[in-house]
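This report concerns only the one structure given below.
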Amino acid sequence: MIAITTSVFELFKIGPGPSSSHTIGPMKAGFNFNKSTANLKLETAPDSIEVRLYGSLSATGEGHGTDRAVVAGLLGYRPDTVECEFLDSLADRSSHQFESGDISLPLSVNNVVFAEVENNFPYSNTMLIRLKKNDQILFEQEYYSIGGGFIKWKGQIPKVPNVPAHPYSNTQELKNILTTTKKFLHRLVLENETAITGASEDEINIKLDAILDTMKKAVKNGIKTDGLLPGPIGLHRKARSIYLKTDENFNAADKFLIRLNAYAFAASEENAAGHIVVTAPTSGSAGVIPAVIYTLEEDLGISRKMVRQGMLAAAAIGFIAKHNASIAGAEVGCQGEVGVASAMAAALITYANGFRFWQTENAAESALEHHLGMTCDPVGGYVQIPCIERNAMGAVRAYNSYIIATVENRKFHKVTFDEVVEAMAQTGKDMSNKYKETSKAGLAVSVPDC
């Protein structure tokens, strides 16, 4: 067994939209390159820096702002601290200065090359960052954006992770531990987080509150903002107009669904605008969990304590999906993004309402099962169509999965979460690369001029 050693705050990360694999990951790669060259000694002084993007980073990187993100990282900015206004300003192609150790070079988005989509790198979404003298490459680092803002690089020496207090790699092993120890799920995840990171329970709760508050801020900002989203599609924001419909003469059930949809649209539209969101588990799916959190706290009166516990349950589901399949649209399509987000949200709702593990697992399983096979086909390479509305569908499906899991007869639920994760992994392997975030098929082709 290779135990899960991912931190809760590696899964939930604050940063700018619209895509964790296309903005947060590349920015982290650029930042890493900046730091790794600080003590670099070269016999020949470089006169330029070059960034080459491959895979869907190249195919849809312009719409995602990948060029601006990697340049910001190279300039020393991190996803959790960068100002969105600065990121936007890089689009004017103005020159800045790359500073690292003895190296000082002019840098702008003009230094970024959108290279081959099809490639033979270990991961499709690859970045090469080079220091050059004329056409001679003096130093090069190869980075991989593997989804959810996670990165790797060639030659990386993996850190030996701290051993979790309760090692598990899948749902069955997790259930065995919960049964043997008689622990609640949130307590197990807390104890693992402490063992992995060294953080105290109070420190973990403070960080969770920061994540929750950032999610709710995205919803609040989204439901009060109108206008067009960036890019050539000309897509108008809908969250505010949907939310205002709750003042009209709909029945209580309809009003609940209107609000839930509006909250998901709101956070997703903030992401599409390149504003600050939380990867949950990715930026492209950053509207699902904020929508249910806002609903739980603001509409249903669920306490922050219970919502925190639900977030830890959601993290456990996200860990298992990432560990045994993927959360990257470039690897498994949108089933790994909105599908996993919906499963995490279903677990969160169930657990925050006081139900325990078997209902929580069943809710997560149902939500993911009914996203199997979902492709990633962003129109024009922008995280707008179908992504924004798809987040709303994921939030509603999460709530429906919670309802079913908490009223069904446990004996009649046949599919486990491990089984649906295995199915997602195999489906992702079988899925054509055209449907994995490249904008070469699906709606991206049938709706080219919207």
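Every number here is computed from the coordinates shown, using simple stated rules; none is lab data. Here the structure is a predicted model, which means the values were calculated and not measured. Methodologically, a virtual Cβ is constructed for each residue, glycine included, from the backbone with ideal geometry; neighbour enumeration extends over all protein chains shown.
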Below 8 Å between Cα atoms, with a sequence gap of 6+, how large is the relative contact order for the stretch 43-126 in percent? 50 percent
Loop-resident trypsin sites (Lys or Arg not before Pro) in the stretch 1-108 with no more than 14 other Cβ atoms inside 10 Å, DSSP not H/G/I/E/B, are Lys41, Arg93
Any lysines whose Cα falls less than 18 Å from that of Lys429, other than same-chain ones fewer than 8 residues away, would be Lys322, Lys440
So what's the gap between the Cα centers of the stretch 155-172 and the stretch 16-56, to the nearest angstrom? 27 Å
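Just rank Cys334, Cys84, Cys376, fewest to most, by other beta-carbon atoms within 10 angstrom.
Cys84, Cys334, Cys376
Normalised by the residues of the stretch 130-239, what does the relative contact order come to in percent, with Cα pairs under 8 Å and at least six apart? Numbers along the way, then the final one.
On the way: 68 pairs, mean separation 14.2, N = 110.
Taking the mean separation of contacting Cα pairs over the length of the stretch 130-239, I get 13 percent.
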If we count other beta carbons within 10 Å of each Cβ, what is the order of Thr406, Thr66, Thr180, fewest first? Thr180, Thr406, Thr66
Whole-Å distance linking the alpha carbon centroid of the stretch 318-349 with that of the stretch 68-129 is 28 Å
Can you list the equivalent-ellipsoid semi-axes of the stretch 1-160, largest first and in whole Å, using the square root of 5 times each Cα gyration tensor eigenvalue? 23, 19, 16
Strictly over 28 Å apart at the Cα level, which of Lys182/Lys414; Lys154/Lys434; Lys28/Lys133; Lys216/Lys434; Lys154/Lys216; Lys152/Lys183 would you flag in this model? Lys216/Lys434; Lys154/Lys216; Lys152/Lys183
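Give, in nm to one decimal, the length gained when the segment between Ser241 and Asp135 is fully stretched (0.36 nm per residue of separation minus the Cα-Cα distance). Working shown, then result.
Values: separation 106, 0.36 × 106 = 38.16 nm, distance 5.34 nm.
Here the answer is 32.8 nm.
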Packing-based exposure ordering (other Cβ within 10 Å, fewest first) of Leu128, Leu40: Leu40, Leu128
Where q = 0.32, 0.35 Å⁻¹, what log10 of I(q)/I(0) comes from the Debye formula for the stretch 235-277, counting one point per Cα? -1.05, -1.16
In Å, what is the Rg of the alpha-carbon atoms in the chain, and how long is Dmax? 21.5, 74
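What full-extension length gain, to one decimal in nm, is calculated for Gln156 and Leu42 as 0.36 nm per residue of separation minus the Cα-Cα distance?
39.0 nm
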How much length is gained if the chain between Glu118 and Ser169 is pulled fully straight, taking 0.36 nm per residue apart and subtracting their Cα-Cα distance, in nm to one decimal? 15.2 nm
Can you give the FRET efficiency for Ala441 and Lys411, using 1/(1 + (r/R0)^6), R0 = 45 Å, r = Cβ-Cβ distance, to the nearest 0.05? 0.60
Rounded to the nearest 0.05, FRET efficiency between Ile206 and Glu50 (Cβ-Cβ, R0 45 Å) equals 0.65
